[in-house]
Structures are given as structure tokens and as C-alpha cells.
Amino acid sequence: MSGKILPVILCGGTGTRLWPVSREGMAKQLLPIVGDETLLQMTLRRATGPEFAEPMVIGSHPVRFTIRDQVEAVAPKARVVIEPARRDTMAAVLLAATIAAADDPDTILAVMPSDHLIREADGFRDAIRTAATAVATAGIAVIGVTPTEPSTAYGYIKPGAAAGSAFKVVRFVEKPDEERAHRLIFEGCLWNAGMFCFRAGWLIEALGALEPEAVRAVGAAVAAMKPDLGMWVPGPEFAGVKAISFDHAFMEKTEEAVVVPATFRWSDVGDWNAVWAASERDADDNAIRGDAMAMGARGNLIHSENRLVCALGVENLAIIETADAIMVAPRDKAQEVKALVGALKGQGRAEAVEHIRNHRPWGWYQTMDLGERFRVKRIVVKPGARLSLQKHHHRAEHWVVVRGTAEVTLGERVSVLHENQSVYIPIGEVHRLANPGRIPVEIIEVQTGTYLEEDDIERIEDEFGRA
């Protein structure tokens, strides 16, 4: 093997199993679930070293600015590629291979999810190096993890004859029931961790024999790829690619797959029970994050984001508190959270999919209070960022600066406001908020009027290209 391994981090998932913390508008990989950094940032950090090239992150359009900001914080030289439409993992893997092959078809890619937890970074790098060596000329290597329990949440891999430091893949097994999971572990099967290594040119050729239209469409999309605000966006042809997983489209059909057994501990942090298992716990086996207390309680996961949460005399619960929703469930029911979210969607509940905190390219805002003819927001603008030049037809706004320095455009006048200063924006007045300082600026906005929804914005000028 020559040259560096290109880490490709897939960041397009929409998590619901960690609701109410993770929602479609902000999936688990973009949140600090088990540490101070997000799962995406933790993935980026372990995919570094002398054997690795600068990473490529494949993300989804709705959260592109959040992805860009998180990547820049830990891997400023990484290439962020934004899918113009969600088309599942076959399209994402093929996209990465096609981009890499345009530079060098012999580039070896290490494709990995952004939402998994691996604490032994050295063991991870060893497995990737072994896998990359195994596919230096042809084939694809998948990382297999030794099972710690008969999980029904993961797929399994049956290894066969040795092939150097790897093993031929006999077959892939879909998520089994518990009885079959026991049997698979007895037979020596490994968990499928969803991490692959392959040579870019080989993958395009091999996948082209199975999905020629996908290869053609992704090739055209890459040829039309353009830079956009620090990211890269493929052409519209990408949206025409079949939506299918890489496992179903390719891994279950190829005869050139090998598996590399991993020595590191691994979790896909796929539900609240997995979060509990991956977290530090007290003497009573409680995993506590945030402002919480457990008394006479055992085996609980308590996650608090805003309020004091107390658990008294309860056992084996997941207690999850956010600003707009609280979920309490037995930990062994964690796999059923997805069905709960589906039921909330069926009732039209916005909490099922939307976070109370809405991220924007310039920062974020959060509704603090809402009533008839008024809404109160907390708005935070990043240093050097500014909102669009805009006006509203149905509401007036009052801004009070509580932290930092705000530059306010009001009609033809531009002024600077400091902490404890305020401004009034009448209905129909052209205005803009910007942060000229070096720390985030935070304001409290009080809206009053007959209509207070976000679509009452007429943008006159916007550096992010929004209508």
C-alpha cells in the first residue's frame, strides 16, 4: 500500500432513537451525547495520524452549516461535501469514491459512520491500516467487532478462511432475533460495524457492474460539483440516484469482501440503553448527565439539559429531559422510542422532528415564550456573522443586547449596541443584526403582531443565498 488513507465520514443520518435529544432536524452525530464533543468531532479526531489524509465528510443539506462549523473546529482542512438530496449510503459511498478517483483512482478510502463511539483510537487505527493493506489492489474490507452480547440491533458477519491478516466473508446476516443471535455468536460471527476500506477505482468499477446508472449519475454530479460557502455541492444528477443502502446494493452481492476482526470496544450508540452502557456510572450504576440527582435509585440513565431532574427509588429507567419534552421509559424498552416518535408524528406534534433550538448559518435562536400576538426569542450570533437584510409585514421587534456587541442596521442608519442597550424595529422597516466582535452576541427579541411565524421574512440581501 502506498499513499495515505482517505477517511470518509458519513454524516447524513436522521436519528430518532435518541429522541427527544436527537431529532430529524439535529441527529445524534451532531450532539454531545457521551462527551464534551459531538460524535462527529470524536470521529474526526480518531481518523487522524500520519497514515491518514485530510478527511472528507459527506453530509446532508438541511444541517450543512452545523456540519461545516463542527468540522472546522477540529479538522479545518477537511473537505465537506453536501448531498443535494438524501439518497442513502450507496450514493454517499459512491460519491466519495468518485471524488477521490478524480484525484487518484488508487486512493484507498476508509468509510465510517459519524455517529459511533470508539474510545480506543489506536485500536481503531490498527484495524483501518490492516483493512487498507488487504485491499491495496482489489476487494473490499469490512471491520468486524467481537460481540459482547446477543444483540438484535446489529447485523453480523460470518468469517471464513484466512486471507492474510483478514478473513474471507462467507455471508452477511441481517439483524437476527435473540435466539439466532446466540447461535451466530457461537459460530464465531462478528458484528458489522459499518466501516469499509477499498480502492476508489476498484469500487467504481465493481459497483458499476451492479448499478451502472448510479455510477453514471454520480459521475455527472461530481463533474458538475461546485464550491458553496466553504463546502462542495455535487450537481443535480445526484438526486436521480437510486436510494438504497451500500450493504444491500453491494456488500451482500460481492464475492471479494474480507473482514478484519477489531480489537477495540465499539458502540453505535443506537438507543438510550446503549448510551447508558457507554457512559461512566456511579456506585449504583446510574449514568447521570446534567443537573440531576439519584437517591435510592439504581441502573438509571438520567439526561438533563435544562432543569433539575431527581430520581427517587426507581430502577433501570431512561429519564431524558430537554427544554420542550421529557421522556421516561424502562431502559429495556429503548428500541421502541422510534415507534413513540412515529406516534407523535401521527399527531402532528412538532416536537417529534423539530428542536426548540434552531440552528442557522449565523448562529441559532430559541423560542423562550409564545402567546397570543407575542413571541420571545433568545438569539445568538457567531463572531463575524450577520443575518440577512430583511423586513417583516406582520410583526414588530424589540431587541435587547444581553451579551457582546451588536451592529444594527435600521433603514439607512447603522448603530452599535452594547450590553443592556435596546432597539425597536417597526413593522415593515428594513433591518439587519450583525456581530462585529470577537465573542458571540446574544440578544432577547420580543416580537409583537398578528402573525409571528418564520415565513414572514422578506429577504432583501442574504450572503447565504436564501430566498
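Using the alpha carbon gyration tensor of segment 272-346, what are the three equivalent-ellipsoid semi-axes (square root of 5 times each eigenvalue), largest first, in whole Å?
Square roots of five times the eigenvalues give 21, 14, 10 Å.
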Once phi is turned into θ = phi - 60°, what whole-Hz ³J(HN,Hα) does the Karplus curve with 6.51, -1.76 and 1.60 give for every residue of segment 430-437, x standing for Gly and Pro?
6, 8, 7, 10, 9, 10, x, x
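Quick one: THR14, THR148, fewest Cβ neighbours within 10 Å first, how do they rank?
On the way: THR14 16, THR148 12.
Sorted ascending by nearby Cβ count, the order is THR148, THR14.
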Whole-Hz Karplus ³J(HN,Hα) for segment 79-96, in order, using 6.51 cos²θ - 1.76 cosθ + 1.60 and θ = phi - 60°, x for Gly and Pro?
9, 9, 10, 10, 5, x, 7, 6, 10, 6, 7, 4, 5, 5, 5, 5, 4, 4
Beta bridges per DSSP with both ends in the chain, % antiparallel, nearest 5:
70 percent
What is the antiparallel percent of DSSP beta bridges lying wholly in segment 3-153, to the nearest 5?
5 percent
Against the 2.2 N^0.38 Å scaling, with N counting residues, where does segment 120-248 land? I'd like the Cα-based Rg ratio to two decimal places.
1.27
Under 5 Å between amide H atoms, partner at least 5 residues away or on a different chain: which partners does LEU301 have, H built in plane at 1.01 Å?
ALA287, LEU317, ALA318, ILE319
List, in order, the whole-Hz ³J(HN,Hα) value for each residue of segment 193-205 obtained from phi through the Karplus relation with A = 6.51, B = -1.76, C = 1.60 and θ = phi - 60°; use x for Gly and Pro.
7, x, 10, 10, 10, 6, 8, 4, x, 5, 4, 4, 5
Long-range amide H contacts for LEU229: which residues qualify at under 5 Å (H placed 1.01 Å from N, peptide plane, sequence gap of 5 or more or a different chain)?
none
Once you compute Rg and the Kirkwood Rh from C-alpha atoms, what is the Rg to Rh ratio for segment 14-82?
0.98
For segment 5-262, the percent of all C-alpha pairs falling in each 5 Å bin, from 0 up to the bin holding the max distance, is 1, 6, 14, 17, 20, 18, 14, 7, 2, 0, 0
Rounded to the nearest 20 Debye, what is the dipole magnitude of segment 76-208 about its Cα centre when Lys and Arg each give +1 and Asp and Glu each give -1 at the C-beta?
120 debye
Using all C-alpha to C-alpha distances in the chain, build P(r) with 20 Å bins and read off the rounded percent in each one.
22, 51, 25, 2
Report P(r) for segment 357-461: all Cα-Cα distances, bin width 10 Å, range 0 to the bin holding the largest distance, values in whole percent.
16, 52, 30, 2
Long-range amide H partners of GLU429, meaning residues 5 or more apart or on another chain whose placed amide H is closer than 5 Å, are HIS392
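The numbers here are math on the coordinates, done by the rules we state, and not lab data. Keep in mind the model is a prediction, meaning the values are calculated, not measured. Every residue, glycine as well, gets a Cβ built from its backbone with ideal geometry; the counts of neighbours run over all protein chains shown.
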